[in-house]
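Working notes, structure below.
The values are calculated or read from the model by the stated rules, or taken from the named source; none is laboratory data. The shown structure was predicted, so the numbers you read here are calculated from the model rather than taken from an experiment. Cβ: placed from backbone, ideal geometry, glycine included. Neighbour counts: every protein chain shown. Ligands, DNA and RNA are excluded from the accessible area calculation, which covers all protein heavy atoms including side chains. Shrake-Rupley method; radii C 1.70, N 1.55, O 1.52, S 1.80 Å.
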Number of protein chains: 2
Amino acid sequence: MNNKMFRGSLDTIILKMLNNNTEMYGYEITQEVKKLSDGAFDIKEGALYPALHRLEAKGLLETESRSIGNRIRKYYKLSPKGNKESKTQISEMQEFLQQMNAFMNLKPAR
Amino acid sequence: MNNKMFRGSLDTIILKMLNNNTEMYGYEITQEVKKLSDGAFDIKEGALYPALHRLEAKGLLETESRSIGNRIRKYYKLSPKGNKESKTQISEMQEFLQQMNAFMNLKPAR
DNA sequence: AAATATACATAAATATCTTAGGTATATAGG
DNA sequence: CCTATATACCTAAGATATTTATGTATATTT
């Protein structure tokens, strides 16, 4: 997929994932999103990590670092504020999708 | 509408309008899009004109300036290349909308 | 042993958008 | 008549989000 249209929806995708899953770590999000979208949505790590940090800075996400073997994973989950915001953004996205769909299906006036 | 999600879709919207209408001038596009979307899509002129110039530079649009009274309007229409590209982008957008819609409707695993 | 996958991260470059400002003509309301 | 709003084009500065490239390190597969 030409992911130009993907722009602007990354935060909402992350919030959606964390709304469904209680907690996830960054790399896991990229893999799950790819899988769930049949490869259509390909989140670049260079976009993901700054996005997670942004959302955390806004108080929407809470983190907990855990050692898995010799490696550290940083788990993210929605804060109460993030929980509310995720629902808002999911609704707004659905509304947007409907509007854009109607628009793209418009027939010429004559 | 929070038009954050609007990002990345302006070019496609313009191409869609010109696919439906043979020819339009810039200001007309902003007004028609607003009307057709019930106010949901609000194209800023600061985004529109650079976008039109970009699309023209890519060879997707052709222009013709016409005097209307003492004022000049710049009419845009799809070039043959733009005609093809518009159909491509409309299809890609529709595919994207479907994917994103499915994604936003995913239920938690358990 | 080497290649690939996992897991985090940042910086530079690029793209697109908003905000703000500029110019000028046309029309509607008081 | 005059003033505000609408029409119609445009660009520049700043904000923001993304890609590409790079870096580090461990784990797993071939």
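Here are a few things to note about the model shown:
- Remark: B:Gly46 falls outside the filter, which requires a residue to be open to solvent by less than 80 Å² (accessible area, probe 1.4 Å) and either more than 8 Å from DNA strand D (Cβ to nearest atom) or of a type in the set (A, V, I, L, M, F, W, C) (or both).
- For region A:51-94, a residue qualifies if it is closer than 16 Å to A:Phe6 by Cα and out of contact with any Lys or Arg (no Cβ under 9 Å at 6 or more places or on another chain), and the qualifying residues are A:Ala51, A:Gln94.
- Candidate set from region B:11-29 (those that are within 12 Å of DNA strand D (Cβ to nearest atom) and open to solvent by 50 Å² or more (accessible area, probe 1.4 Å)); member that is nearest to B:Lys58 (Cα to Cα): B:Glu23
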